[in-house]
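A.B. asks: Let me give you the structure first, and then I'll get to my questions.
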Amino acid sequence: MSPTTPESPTSVTEDLLVQRLRARDESAMTLFYDKYSSALYGVILRIVKTEEVAEDVLQESLVKIWNSFQSYDASKGRLFTWVLNVSRNLAIDKIRSRQYRVSSRTQPLEESAALRQAATPTFRPEHIGLQEMTSKLNPEQKQIIDLLYFGGFTQSEVAEELNLPLGTVKTRARAAIKVLAKLIR
Amino acid sequence: MNIQEYIESGILEEYALGVLDAAQRAEVERYAAEYPAVQQELDLIQQGLESYAQAHTQNPPAGMRERVLAGFQAAIRQPEAAAPVAVAAEPVVRSIASAQPGEAEAAGFNWLMAASVALLVLSAAANLILYNRWQSSETQLVALQADQSRVASTMQAVEKRLDTRTQELAVLRSEQFNAVELAGTPVAPEAKARVLYNKATKAVYVDVRNLPTLPEGKQYQLWAMDKGKPVDAGMLAAATTAGDSLQQMKNIANAEAFAMTVEPAGGSENPTMETMTVLGKF
């Protein structure tokens with residue numbers, strides 16, 4: 001990349017982004033947005049269900065990422081891991097603060113537009129489509145992962161919700177994640 | 001501690017899911033930092049979960065990029081607006097403009113607050129003064145109303161007396177009335193009265209100049225002498241007897257003389273001749 005050409009979202013590396021954010025470079029947040037917003041928005045939307053709320057949460061996430069960037073420790077994990085958790089926690093706070101859970105907990109993922117939408121290539125060359133991933137998970141594993149990861153449920157709450165022993169929930173959750181990890185191994 | 005057992009215990013998956021408490025998270029991070037195998041496994045698990053998250057990628061709706069980035073810009077400038085020094089150092093004009101109205105607003109609010117309190121105090125004082133004035137006005141008004149009604153009733157009495165006097169004057173000045181002077185008899189030589197008689201209308205008025213005061217239960221009675229016979233012309237009221245005013249008596253068809261006698265209160269059918277006080281002829 002020549003220094004004079006405008007930076008494109010995919011061209012900016014995570015290291016450079018972290019470096020600029022640490023230097024309090026506001027324009028880096030625009031690059032950050034272009035690089036990660038689709039992925040973050042998808043996860044947030046999956047949790048909060050409505051586009052308006054998802055947009056609010058995405059904006060709150062950007063503010064929180066900017067304001068608490070000094071707490072990001074690159075040695076503990078990648079930038080995306082950290083920002084994904086920031087956004088996911090804000091989205092879960094949102095649905096816990098409102099009465100989202102009663103109406104949304106029984107909604108099956110299959111109704112989600114995300115499943116039908118073709119995966120958009122983003123920053124991950126090894127990006128794998130949702131259909132491909134869910135086909136590797138069995139329905140029980142998928143249900144537990146969705147409740148834990150997108151529903152803001154604790155393992156005990158999942159056990160209660162699905163009327164399963166806590167041990168079974170833990171076993172299935174671990175198994176599900178092992179499957180996901182194997183897919184990129 | 002068997003690392004392989006730790007990896008397979010499932011705690012790393014729970015860590016990635018964010019379901020561990022703070023103490024458990026710290027433990028995982030300590031092991032990850034100490035054992036590269038743990039870190040490697042944890043990375044893999046996190047990437048697996050992130051891939052799943054990323055598989056939910058949604059293209060945001062049109063216009064969202066501008067809205068969210070503008071909202072982000074506005075939000076991160078808010079804390080700076082609270083610190084004027086930082087704002088002054090900030091080369092972006094926009095943030096200074098956004099900071100000053102906030103301060104001016106706060107100052108304006110304080111000023112308005114002080115002004116409101118001052119106005120309230122002034123208003124209360126004014127109310128007290130006005131209330132006292134109103135109270136004394138009310139008292140004065142009541143007194144004036146009493147005065148006014150007293151004056152009005154006096155006026156009414158005066159008007160009534162004026163009416164009477166006007167009427168009396170009309171009788172006295174009328175050419176239709178003939179005056180008959182009644183002189184005192186030997187019973188009361190000082191007694192003196194006058195009868196005004198209108199032959200056309202038969203009206204009779206008595207005008208007393210001087211009559212002896214009568215004891216309780218006695219009253220003067222006027223008589224008209226018609227062809228030698230006494231005809232009752234009515235009883236004199238106390239005020240008439242005292243000489244206070246004219247008194248209209250009973251109408252008399254015909255008379256050549258008038259006389260007054262002292263009779264029991266209410267009058268008699270026939271005069272008690274020995275008590276005749278005054279007598280007068282045409």
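The values are calculated or read from the model by the stated rules, or taken from the named source; none is laboratory data. Bear in mind that the values here come from a model prediction, so they are computed numbers and not experimental data. Heads up, the Cβs are rebuilt from the backbone with ideal geometry, glycines too, and the neighbour counts pull from every protein chain shown. These area figures cover heavy atoms from the full protein model, side chains too; ligands, DNA and RNA do not enter into them. Shrake-Rupley method; radii C 1.70, N 1.55, O 1.52, S 1.80 Å.
A.B. asks: Give me a count of the residues in the stretch A:150-185 that are part of a loop (DSSP other than H, G, I, E, B) and open to solvent by 40 Å² or more (accessible area, probe 1.4 Å).
C.D. replies: Residues that pass the stated criteria total 5.
A.B. asks: Still on this structure, I have one more. Anything in the stretch A:51-73 that is hydrophobic (A, V, I, L, M, F, W, C) and under 18 Å from B:R65 (Cβ atoms)? List them, or say none.
C.D. replies: We begin by selecting, within the stretch A:51-73, every residue hydrophobic (A, V, I, L, M, F, W, C); these are A:53-54, A:57-58, A:62-63, A:65-66, A:69.
Answer for the stretch A:51-73, where residues must be hydrophobic (A, V, I, L, M, F, W, C) and under 18 Å from B:R65 (Cβ atoms): A:V53, A:A54, A:V57, A:L58, A:L62, A:V63, A:I65, A:W66.
A.B. asks: Can you tell which of B:V262, B:V204 is without any contact (Cβ under 8 Å) to a residue 60 or more places away in the chain and within 29 Å of B:K160 (Cβ to Cβ)?
C.D. replies: B:V204
A.B. asks: Does A:V43 satisfy the criteria of being surrounded by 18 or more Cβ atoms within 10 Å (Cβ to Cβ) and either polar (S, T, N, Q) or more than 8 Å from every other protein chain (Cβ to nearest Cβ) (or both)?
C.D. replies: Values: surrounded by 18 or more Cβ atoms within 10 Å (Cβ to Cβ): yes; either polar (S, T, N, Q) or more than 8 Å from every other protein chain (Cβ to nearest Cβ) (or both): no.
The answer is no for A:V43.
A.B. asks: Which condition number does A:T168 fail, the rest of (1) farther than 25 Å from A:K49 by Cα; (2) facing chain B (nearest Cβ under 9 Å); (3) polar (S, T, N, Q) being met?
C.D. replies: (2)
A.B. asks: Go through the residues of the stretch A:66-77 one by one and say whether even a single one is modelled with pLDDT of 90 or more, within 15 Å of the chain's Cα centre (by Cα) and open to solvent by 10 Å² or more (accessible area, probe 1.4 Å).
C.D. replies: No.
A.B. asks: Next question, about the same structure. List the strands (runs of 3 or more DSSP E) that sit entirely inside the stretch B:196-282 and contain at least 1 residues that are more than 15 Å from B:L182 (Cα to Cα) and of a type in the set (S, T, N, Q).
C.D. replies: Answer list for the stretch B:196-282: B:218-226, B:247-249.
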